[in-house]
């Protein structure tokens with residue numbers, strides 16, 4: 001599973017409006033930037049209390065990416 005699909009899948013499982021979830025992927029030399037867009041009402045569910053859900057998702061991305069750097073931005 002690629003990073004983009006992982007973020008999209010997890011986000012859709014967390015939110016009340018999965019049809020509003022989109023992930024934009026941008027590649028650089030050694031970094032991949034993933035922009036996660038969700039409905040404003042679902043923002044808290046994706047970020048989590050004290051950012052725990054977002055940090056857990058970033059940890060999963062780090063493990064999946066291995067040698068590359070992956071940045072997750074929640075927009």
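What follows is calculated from the coordinates using simple rules that are stated; it is not laboratory data. Quick caveat: nothing in here was measured; it's all calculated off a predicted structure. Because the Cβ atoms are built from the backbone with ideal geometry, glycine has one as well, and the counts that use them run over all protein chains shown.
With the condition kept exactly as written, say whether any residue in the range 30-41 is free of Cβ contacts under 8 Å to residues at least 40 places away in the same chain, closer than 13 Å to residue 71 by Cβ and over 13 Å from the mean Cα position of the chain (by Cα). Yes; the residues of the range 30-41 include at least one that is free of Cβ contacts under 8 Å to residues at least 40 places away in the same chain, closer than 13 Å to residue 71 by Cβ and over 13 Å from the mean Cα position of the chain (by Cα). Considered as a group, the residues in the range 19-75 that are in contact with a strand residue (DSSP E or B) (Cβ under 8 Å, 6 or more places away or on another chain) and over 18 Å from residue 3 (Cα atoms) include one that is surrounded by the fewest Cβ atoms within 10 Å (Cβ to Cβ), and that residue is 43. In this structure, is residue 7 out of contact with any strand residue (DSSP E or B) (no Cβ under 8 Å at 6 or more places or on another chain) and part of a helix (DSSP H, G or I)? Answer is no for this residue.
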